[in-house]
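Asker: Can you keep this structure in mind? I'll have questions shortly.
The values are calculated or read from the model by the stated rules, or taken from the named source; none is laboratory data. Since the structure is predicted, the reported quantities are computational estimates derived from the model, not experimental observations. A quick note on method: Cβ atoms are made from the backbone with ideal geometry, for glycine too, and the neighbour counts reach across all protein chains shown. Side chains included, ligands, DNA and RNA excluded: accessible areas come from the protein's heavy atoms. Shrake-Rupley method; radii C 1.70, N 1.55, O 1.52, S 1.80 Å.
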Amino acid sequence: MADPAVTDHRLWPRFRPSRLPQPVDSTAGVVGAVIARQQDDADLVRRLAEQGHEPQATWVADGLLAELGERIDRSKTHRHLVE
């Protein structure tokens, strides 16, 4: 069975601290981990779409990568608000 976090983009905005790639001991570390995860997710969607996987190919055709890029940029621009 496919991981719903990969197949259902509606789940992506929900950040789960338990899924941090490594332990973090500061707010800055959490923010950095969130941004890294956002980028990893966008890269995964791009790769799956390039391989022709659905629904990722449709998402990319519908402009999801631009939306994800905007989310990443927004996180980077406003990281100072939570650090």
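Asker: Report, ordered by the first and then the second residue, all pairs with beta carbons closer than 6 Å, sequence separation of six or more or different chains, a first member in segment 25-49 that is within 12 Å of V60 (Cβ to Cβ) and touching a residue at least 12 places away in the same chain (Cβ under 8 Å), and a second member that is not in a helix (DSSP H, G or I) and not aliphatic (A, V, I, L, M).
Answerer: As it stands, the answer is none, since no pair meets every condition given.
Asker: Right, another one. Within segment 41-73, take every residue that is among the β-branched types (V, I, T) and within 26 Å of V31 (Cα to Cα) and give me the one that is farthest from the chain's Cα centre (by Cα).
Answerer: The residue in question is V60.
Asker: Determine, yes or no, whether R19 is modelled with pLDDT of 95 or more, of a type in the set (K, R) and open to solvent by 80 Å² or more (accessible area, probe 1.4 Å).
Answerer: Judged against the criteria, R19 is not a match.
Asker: Which residues, taken from segment 58-83, are surrounded by 12 or more Cβ atoms within 10 Å (Cβ to Cβ) and either aliphatic (A, V, I, L, M) or touching a residue at least 60 places away in the same chain (Cβ under 8 Å) (or both)?
Answerer: V60, L64, L65, L68, I72 - these are the residues of segment 58-83 that are surrounded by 12 or more Cβ atoms within 10 Å (Cβ to Cβ) and either aliphatic (A, V, I, L, M) or touching a residue at least 60 places away in the same chain (Cβ under 8 Å) (or both).
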